[in-house]
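Undergrad: Can you keep this structure in mind? I'll have questions shortly.
Computed from the coordinates by the stated procedures, all read-outs in this text should not be read as laboratory data. Small disclaimer: the values here were computed from a predicted structure and weren't measured. Positions of Cβ are backbone-derived with ideal geometry, glycine not excepted, and every protein chain shown enters the neighbour counts.
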Amino acid sequence: MLIKIITNIIGKKLFFKEKSGQLNLLDIGCSNFVPNHFCKFDKYINYIGCDPDPIGLSKTENFLKRKNFISKQTYNVAASDKTEDGFLYVPRKRTGSKVVKEKGKGTKDIKLVKTSELQDLFKESKANILKIDCEGNEMKVIRGMNLENSSLLCIEVECTINKNEVNHIGQLINSLEKKDFFIASIRYHNEQTISDKTIKNKILMKVYYVLGLLGIIQIFDRWTNLSGALEFNLNKSFLSQLEIIFIKRKEYVPKELIKKYYNCLIIFGFLRYLPNLKRLKPVLRFIIKVFPSR
């Protein structure tokens, strides 16, 4: 925890705060909130979020009122490989909503927008970072992107492992690597060993909800770094999601975008690859070199 606090302080110290370092973040599947690694640098980020579920989107809008993004816009649409009408399946709990091919029980009509059109919505330039969390629709979102655009520097994608359908993770990785992106980090998420789906007793269910409100139940549902976090021994089986960070290869980044590129590295914790570490005291440089910042 102490190392994390120190590296957060260092990251803010090294961040390029001038206009040439400001970033455009496109958040695809932005239901409920914006992750903390972006909010820490909100004063230097233009934010656009889109989500087809109006209830999840309204929660994000309320969340954004407490944040200081340079600009913030939200759209009640879903990203896809082409612009057309579509359908959203909304479970009773409204968690895990996903785009589906056909209208049916529990679905609502939605608007699908080609990802490249969403990349172009920023007032100045285009999206620099894409965060994608769309419950199995990742490949269509990737197909709809403008991967040729030089402004795009980083992609954070959460891949759902659906045991009842074919997964396209290999295809997704291959598509991005062909466009000069490389995998900078992978984390994986396990299914909850204990969840409301596995508890049948009503009394135990109430205990589960109380523990959830107290934050204790989080120990059963966690992300784990493949590199080996301190809590690695708490890993569970039943892989359900992968979070992959793709970064543009530096040799393909235009010089006028290099400060934005370095700021992307800071946001995702890759401090050891920054060129301005010489500004730091030797002990801080040692911490960055020895301890992983993500």
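Undergrad: What does the charge count near Phe41 come to, summing +1 for each Lys or Arg and -1 for each Asp or Glu among other residues with Cβ under 11 Å from its Cβ?
TA: Summing Lys and Arg as +1 and Asp and Glu as -1 gives +4.
Undergrad: Another one. Name the long-range amide H neighbours of Phe87: under 5 Å, sequence gap of 5 or more, or other chain; modelled H, no Pro or chain starts.
TA: Amide H to amide H, under 5 Å and 5 or more residues apart or across chains, Phe87 pairs with Val100, Ile110.
Undergrad: Determine the alpha carbon to alpha carbon distance for each of Lys43/Lys123; Lys19/Lys40; Lys123/Lys248; Lys114/Lys259; Lys12/Lys72; Lys19/Lys260 and list only those over 19 Å.
TA: Lys123/Lys248; Lys114/Lys259; Lys12/Lys72
Undergrad: For Ser185, enumerate residues with amide H under 5 Å from its amide H, sequence gap 5+ or separate chain, H modeled in the peptide plane.
TA: Ile245
Undergrad: Share of antiparallel DSSP beta bridges in region 54-146, in percent to the nearest 5? Spell out each step's value before the answer.
TA: On the way: 9 of 12 bridges.
The antiparallel proportion sits near 75 percent.
Undergrad: Evaluate the relative contact order of region 24-130 (contact order divided by residue number), counting alpha-carbon pairs under 8 angstrom at least 6 apart; express in whole percent.
TA: It comes to 29 percent, rounded to a whole number.
Undergrad: Considering amide H positions built from the backbone, and no H for Pro or chain starts, which residues 5 or more places from Thr74, or on another chain, come under 5 Å of its amide H?
TA: Correct list: Gly49.
Undergrad: A further question on this structure: Give the peptides 278-284, 142-148, 5-11 in descending order of average Cβ contacts within 10 Å, highest first.
TA: On the way: 278-284: 10.9, 142-148: 18.4, 5-11: 16.7.
Those peptides, ordered most packed to least, come out 142-148, 5-11, 278-284.
Undergrad: Further, regarding this structure: After finding the eigenvalues of the alpha carbon gyration tensor for region 26-88, what semi-axes result from the square roots of 5 times each, listed largest first in whole Å?
TA: They are 22, 12, 9 Å, listed from largest to smallest.
Undergrad: Note down the relative contact order for region 72-158 as a percent, whole number, built from C-alpha pairs under 8 angstrom at least six residues apart.
TA: Values: 152 pairs, mean separation 27.9, N = 87.
Dividing the mean separation by the residue count of region 72-158 yields 32 percent.
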